[in-house]
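Scroll down for the structure; my scribbles are underneath it.
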Amino acid sequence: MSKKLQSFAPEILGTTRLLVGILLACHGAQKLLGAFGGIPEGVPAFIVWIAGPVELIGGSLMAAGLVTRHASFVMSGLMAFAYFLGHAGKGFWPILNGGELAIVYSWLSLHLAAQGPGAWALDNLRSGREPALRLTRREDQGARAA
């Protein structure tokens, strides 16, 4: 099962990037455009005008797979900042302080910054290369054939 799933690693990573990017962009649209129920109660104006554009633009870049590593790194830092600013002061356990989503977004974004965009990314067209994970899969197939 592990080898079968490993052969789909670029596609799984690409799908993860797409989903995380869309979800982060939705949070930005909520803050800036009033979409998806509008600005949550109690959110300070500086969060709306700083985090909103970063989430909307950064999430869109991540979803498209354009400058993925840079956008993901910025989003990871933003989500870590959001956790410590808005949640950590309410207690140690993220499940109790409401910060689990910020932690998950931060770590998924950091993972994408380290791994790259995966499949179906504009970055792959820009560089003229396929995702690094795809090369690993082809090397694996070549080793099995030999």
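What about F46, is it more than 19 Å from the chain's Cα centre (by Cα), in a helix (DSSP H, G or I) and within 22 Å of L78 (Cα to Cα)?
On the way: more than 19 Å from the chain's Cα centre (by Cα): yes; in a helix (DSSP H, G or I): yes; within 22 Å of L78 (Cα to Cα): yes.
Yes.
Specify which of the listed residues (S76, S72, S106) is within 17 Å of P10 (Cβ to Cβ), surrounded by 12 or more Cβ atoms within 10 Å (Cβ to Cβ) and modelled with pLDDT of 95 or more. First the steps, then the outcome.
On the way: S76 fails: within 17 Å of P10 (Cβ to Cβ); S106 fails: within 17 Å of P10 (Cβ to Cβ).
Checking each option against the conditions leaves just S72.
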Item to complete: Among what's in segment 82-112 and is among the aromatic types (F, W, Y) and in contact with a helix residue (DSSP H, G or I) (Cβ under 6 Å, 6 or more places away or on another chain), pick the residue that is nearest to T68 (Cα to Cα).
Response: Y105
Practice prompt. Pull up segment 42-58, narrow it to residues that are surrounded by 15 or more Cβ atoms within 10 Å (Cβ to Cβ) and not β-branched (V, I, T), then point me to the one that is nearest to R17 (Cα to Cα).
Written response: G58
Worksheet item: Within segment 82-98, which residues are surrounded by 17 or more Cβ atoms within 10 Å (Cβ to Cβ) and within 19 Å of I50 (Cα to Cα)?
Response: A82, Y83, G86, H87
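Of the residues in segment 49-83, how many are in a loop (DSSP other than H, G, I, E, B) and closer than 16 Å to H111 by Cβ?
Just the residues of segment 49-83 that are in a loop (DSSP other than H, G, I, E, B), to begin with: 65-67.
Now drop any that are not closer than 16 Å to H111 by Cβ, which leaves 65.
Residues in segment 49-83 being in a loop (DSSP other than H, G, I, E, B) and closer than 16 Å to H111 by Cβ: 1 in total.
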Practice prompt. Taking L61 as meeting all but one of (1) farther than 23 Å from A113 by Cα; (2) surrounded by 14 or more Cβ atoms within 10 Å (Cβ to Cβ); (3) not polar (S, T, N, Q), write down the number of the exception.
Written response: (1)
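The values are calculated or read from the model by the stated rules, or taken from the named source; none is laboratory data. The model shown is predicted, which means the values in this text are computed figures rather than measured ones. Here the Cβ is made from the backbone with ideal geometry for all residues, glycine too, and neighbour counts use every protein chain on show.
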